[in-house]
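Following: one structure in structure tokens, then a few remarks.
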């Protein structure tokens with residue numbers, strides 16, 4: 001009997017313990033867990049209390065979260081009880097992004113407490129939205145801006161102003177659903193489009209919210225279009241003026257090249273508004289070349305050639321000078337040609353390679369080649385195949401003592417100059433001089449003058 005009574009009591013104890021150990025279950029239902037920092041839009045939480053016993057309850061949290069209603073409520077019968085709550089951040093909540101907190105269901109009659117966790121995404125407007133554009137063409141009349149909602153949240157009455165280099169400030173107010181993408185068409189600034197290079201530009205977006213203004217930046221893509229127009233205008237008879245204009249009508253940097261051909265006679269009476277970068281001679285035809293390697297959008301290269309035939313006297317004079325010059329050219333015993341090319345350096349300093357070509361048309365004696373270096377540059381201590389015999393630091397002159405040359409013999413000499421100070425614009429170099437003897441007389445011949453155009457272009 002004692003043994004049976006013990007078994008019975010043990011069974012009742014286990015049964016009662018098992019019954020006591022059965023606890024209710026909290027099941028949360030919600031449309032979104034996003035709390036927008038700048039808007040007082042709550043999370044609507046539907047709480048299902050499963051296996052609830054009748055009694056008095058209340059729901060609360062110790063976190064920096066407002067959980068309402070805070071009043072106690074009564075469950076009258078066993079089963080599942082459903083109740084709605086609202087979740088809002090308190091002013092003291094300084095966490096951005098995901099934030100997990102514990103809420104507690106307190107059964108007042110028994111004192112039991114049931115805990116569950118809930119995670120909110122405490123996000124700013126700047127994190128919720130993404131702003132970008134379609135690729136904009138040079139001829140576009142309008143620009144389409146996209147505002148994409150990256151989160152599972154609905155926002156009503158969103159007011160935003162867009163501004164950019166390529167359009168005027170444009171405002172819009174709208175509602176936007178979860179993961180929705182809104183397209184906003186904005187009239188393009190046609191003049192700004194014409195002047196702007198292809199590339200990526202900033203879209204400034206300013207949101208007006210109950211908590212103040214929030215800024216967000218996006219990308220605007222301006223597509224590439226190449227275009228180079230050529231316009232030629234000629235006027236006058238005795239004084240003939242020809243103007244050639246090449247304009248970059250695209251939005252990428254272009255290379256512009258203008259060529260003007262003159263015969264050997266007319267070129268004597270022709271002047272240009274700017275010096276050519278290259279002059280080529282093909283028989284009696286002279287080809288003048290102007291080159292601008294980086295012609296920016298809307299920028300033009302304009303070359304004007306003016307040929308004056310008014311005074312026949314001057315024509316005769318120039319004709320005489322031409323034949324005299326031609327005769328002297330044929331009698332030239334030595335010809336010196338000077339050229340210059342840029343040199344790329346690892347440090348990025350300005351450097352040029354200067355080449356001197358010496359051609360002997362007739363046999364000459366005791367030839368010395370002399371070149372002068374401008375004060376703004378320095379001579380690099382490495383030379384071509386032939387090192388100067390003398391470098392005069394005071395006069396900045398280089399001397400090559402060549403000796404005798406046979407008819408038809410040619411020599412080439414080169415050296416490099418550099419400057420650690422950036423040089424922008426036209427850099428001129430003086431003529432080189434060849435001194436030699438012929439038939440017991442001392443002669444001097446000068447080379448051509450050269451210059452180098454160095455341009456600094458902003459990106």
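The values are calculated or read from the model by the stated rules, or taken from the named source; none is laboratory data. Given the structure is predicted, the values throughout are model-derived calculations rather than measurements. When we count neighbours, we look across all protein chains shown, and the Cβ atoms used for this are built from the backbone with ideal geometry, even at glycine.
Working only within the range 366-377, note down all residues that are over 20 Å from residue 445 (Cβ atoms) and surrounded by fewer than 16 Cβ atoms within 10 Å (Cβ to Cβ).
Correct list: 374, 375, 376.
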- [ ] Looking for whichever is modelled with pLDDT of 80 or more, part of a loop (DSSP other than H, G, I, E, B) and surrounded by 12 or more Cβ atoms within 10 Å (Cβ to Cβ) here; the options are 279, 243, 345, 247. Which one fits?
- [x] 345
TODO: Please give the strands (runs of 3 or more DSSP E) falling wholly within the range 77-150 in which 1 or more residues are in contact with a strand residue (DSSP E or B) (Cβ under 7 Å, 6 or more places away or on another chain) and over 27 Å from residue 206 (Cβ atoms).
DONE: 79-89, 97-107, 113-123
Task: Those residues of the range 356-376 which are assigned to a strand (DSSP E or B) and more than 12 Å from residue 431 (Cα to Cα), in sequence order - done: 357, 358, 359, 360, 364, 365, 366, 367, 368
Task: Unique match (being at pLDDT below 95, over 24 Å from residue 164 (Cα atoms), more than 17 Å from the chain's Cα centre (by Cα) and not assigned by TED's automatic domain parsing to the domain that holds residue 307) among 185, 234, 211 - done: 211
TODO: Would you check which residues across the range 189-234 are out of contact with any strand residue (DSSP E or B) (no Cβ under 6 Å at 6 or more places or on another chain) and within 30 Å of residue 305 (Cα to Cα) and list them?
DONE: 194, 195, 226, 227
TODO: Output yes when any residue across the range 402-413 is modelled with pLDDT of 90 or more, surrounded by 13 or more Cβ atoms within 10 Å (Cβ to Cβ) and within 30 Å of residue 292 (Cα to Cα), and no when none is.
DONE: yes
Open item on the list: Looking at the structure I just gave you, is residue 153 surrounded by 14 or more Cβ atoms within 10 Å (Cβ to Cβ) and touching a strand residue (DSSP E or B) at 6+ places or on another chain (Cβ under 7 Å)?
Closed with: yes
TODO: Check off (1) closer than 26 Å to residue 150 by Cα; (2) within 28 Å of the chain's Cα centre (by Cα); (3) exposed (fewer than 15 other Cβ atoms within 10 Å of the Cβ) for residue 227 and give me the number that stays unchecked.
DONE: (1)
